[in-house]
Amino acid sequence: MNEAVLEVTGLNIFYGNFQAVKEVSFSVNAGEIFGLLGPNGAGKTSTLSAVEGLLMPASGKILVGGYDNAKNPRNARANMGVQLQATSFQPELTVTEIIRLYGGIYGVTLTEENLQEVLLSIKLQNDGGKRFGQLSGGQQQRVSLVIAMIHQPPLVLLDEPTTGLDPQSRRQLWERMEYLRGKGHGILLTTHSMEEAESVCDRIAIIDHGQIVATDVPARLIEKNRDRPEVIKASRRGKITLEDVFIGLTGQEIRS
Amino acid sequence: MTSLLRADFTTQWRNRKSFILILIVPVIILMSWKGLVDKLGGAFVLANCITVGLTAIGLMGYSNSVARDREKGIFQRLRVAPVAPGAIMISRLCVQLAMILLMTTAVFIGGNYFDKITLSASGYLMGYISAFIGGAVYLGLGQMVVGLIKNAETVHSTSRLIYFIFIMVGMFGELGVLGKQIGELVKYSPYGTVKHILASSFQPATWDQSSFIALLFTICYAVVFSILGIRWFRWNAAK
C-alpha cells in the first residue's frame, strides 16, 4: 500500500447555517488517481476548496504530504499542485513568462534548457512566446497542468480538467494523468464525466448532499450496486454503467 | 516576490494603452490651461493635473485591474500557491507606485514643456512625496470600489462615474464655478485636500497651517478608505 499524500478526516463545512460538507473523510495515495464525483452542489468544490486552503472548514483535518493544512498552510500548498476549473493566468503574459512566474513562486530554478524541456513536454516548444490569451482551450489546459506540476508535488488537484476540451485533447490529458500516476504522484480529480472517471480513476468517491455515499474502485462500485432497484431504473442500455450507479445513488432530479 | 513583481510589471507594460489614457486628461489640462498659469499659478495647475492623474490611477487603473483579475480567477490561482496574500497585493501596489512616479514625472515634464512651469529641487522632491501620499487616497478609494462591488463590469462603470464626478466637481468647484458652498465642500474633499498638499509642496515656503490640515485630512482619507477596502475585499468574485 502506497503512503497517503492527502488525508481528509471528518471535514465539515458551513455556509452560514447551511452545512455543505458533512463528516467527509477520504485519502489519496501516492501513484493513485482518486475521483471525487457528485452532482452540482453536492459539496465537491467546497471539499476541494478546503484542501486547496481557499476555504476554512468548521472542523476536520486535512493533511497534505503530511502537513496539516490549518497549521502549516504554506508547506501544505508547496506539496500540492492545483489546476483550477478556469484557466486563470494573466492573458497578457506569454507561456514562458507564466512558467517562470510559477517556477519562481515554487522556488524552482529554470534554466533556458529546463524551460525548453517543459515547453516540449506540453508540445508548445514553438509557442513559448505566445500570450496565454492567444492559446486554444486545449493548449491553455496543458499550460495549466504543467504549472500544477512545475514543482513535482506529491499531490495534484485537478478540478474538472477536461471540461470544454475536444476528444483528442481529453485523451491527451488522460494520458498525461496516467503518466503522472506512473511517476508516483497522487491525483485528486473532480469530474462530471463518468466515462473519464471509469477510464482513469483507480478509486472513486461519490459525494451527495455533502456526504460521501460510496467509495471504491469503479468496477467494484458497479458490481456492488448493480442489483439496486434505483440503479436498474437508471440503466438505459441494459448494461449497468458507472453513470447508472451514480444516478442510482444520487437520484434523478436535476440539481441547481 | 521578485517573480510576482516581474509578472505584474510585465502585465502593466503590455497594458500601456491604459497608462496613456491615464495621462491624457492631465496633458489636456496642461495644454488648455496655458493661459491660466499666470492667473492661477504654476503650482495650482500642476497640482490639479497630478490630482486628476492620481484619481485615474486609483479608480481606472488599480480598481479595474484588480476586478478583472479577480473575475478571471488569477488571484485564486496565486492563492493556491505558497504565496502570502499580502505579497500579491504588495506587488500590485508597487506597480501602482511606479505608475504614480511616472505620471508625476510626465506632468512635471509636460508642465515645463507646455507651460514653462519650473519648480525648485525641494519643490520637485516634496511634490513626489505628496503625490505618493495623495495616491494612497485614490488607491484606497479604488480598493473600496472593488471591495464593495464584485462584478468587474460594474466596477469598471462605477469607477468611471466616480472619476468623472471627482474631476468635474473637484476642478470646477475649486474654481468657484459651482458656487461658494460647493467650493467649500471641495476644499475638504479627497480631491481638494490632495490638490492642496500638492500645491503647497511645490512651493515649500508656502506650506502653512491649512496645508497641515489638508495633509491630516488626506492621511485620514487614505487610512479609512484602505481599511474599509481591505475589510470588504473578497478574493473570489463568486457571491
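The values are calculated or read from the model by the stated rules, or taken from the named source; none is laboratory data. Since the structure is predicted, the reported quantities are computational estimates derived from the model, not experimental observations. Don't worry about glycine lacking a Cβ; one is built from the backbone with ideal geometry, like all the others, and counts go over all protein chains shown.
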Which of the helices (runs of 4 or more DSSP H) contained wholly in the range B:30-142 include at least 3 residues that are surrounded by fewer than 23 Cβ atoms within 10 Å (Cβ to Cβ) and under 13 Å from the mean Cα position of the chain (by Cα)? B:85-115
Of all residues in the range B:13-28, count the ones that are part of a helix (DSSP H, G or I) and either without any contact (Cβ under 8 Å) to a residue 40 or more places away in the chain or at the interface with chain A (Cβ under 9 Å from one of its Cβ atoms) (or both). 8
Yes or no: B:Phe172 more than 18 Å from the chain's Cα centre (by Cα), in a helix (DSSP H, G or I) and closer than 25 Å to A:Ser88 by Cα? no
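Conditions (1) surrounded by fewer than 23 Cβ atoms within 10 Å (Cβ to Cβ); (2) out of contact with any strand residue (DSSP E or B) (no Cβ under 6 Å at 6 or more places or on another chain); (3) under 18 Å from A:Ile212 (Cβ atoms), marked per residue:
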| residue | (1), (2), (3) |
| --- | --- |
| A:Glu7 | yes, no, yes |
| A:Gly10 | yes, no, yes |
| A:Ser25 | yes, no, yes |
| A:Leu54 | yes, yes, no |
| A:Ser59 | yes, no, yes |
| A:Gly81 | no, no, no |
| A:Tyr106 | yes, yes, no |
| A:Glu113 | yes, yes, no |
Does any residue of the range B:8-15 turn out to be under 30 Å from A:Ile147 (Cβ atoms), polar (S, T, N, Q), crowded, with 16+ Cβ neighbours inside 10 Å and under 17 Å from the mean Cα position of the chain (by Cα)? yes
Just name the residue that is modelled with the lowest pLDDT out of those in the range A:27-42 that are of a type outside the set (A, V, I, L, M, F, W, C) and crowded, with 24+ Cβ neighbours inside 10 Å. A:Gly38
Examine the range B:75-89 for a residue that is under 26 Å from B:Thr2 (Cβ atoms) and more than 14 Å from every other protein chain (Cβ to nearest Cβ), and state whether such a residue exists. yes
Looking at (1) touching a residue at least 60 places away in the same chain (Cβ under 8 Å); (2) within 14 Å of chain A (Cβ to nearest Cβ), can you tell me which one B:Lys72 breaks? (1)
From B:Leu178, B:Leu198, grab the single residue that is free of Cβ contacts under 8 Å to residues at least 24 places away in the same chain and of a type outside the set (Asp, Glu). B:Leu178
Which of the helices (runs of 4 or more DSSP H) contained wholly in the range A:1-106 include at least 3 residues that are touching a residue at least 12 places away in the same chain (Cβ under 8 Å), over 18 Å from A:Glu160 (Cβ atoms) and within 14 Å of chain B (Cβ to nearest Cβ)? A:73-78, A:95-105
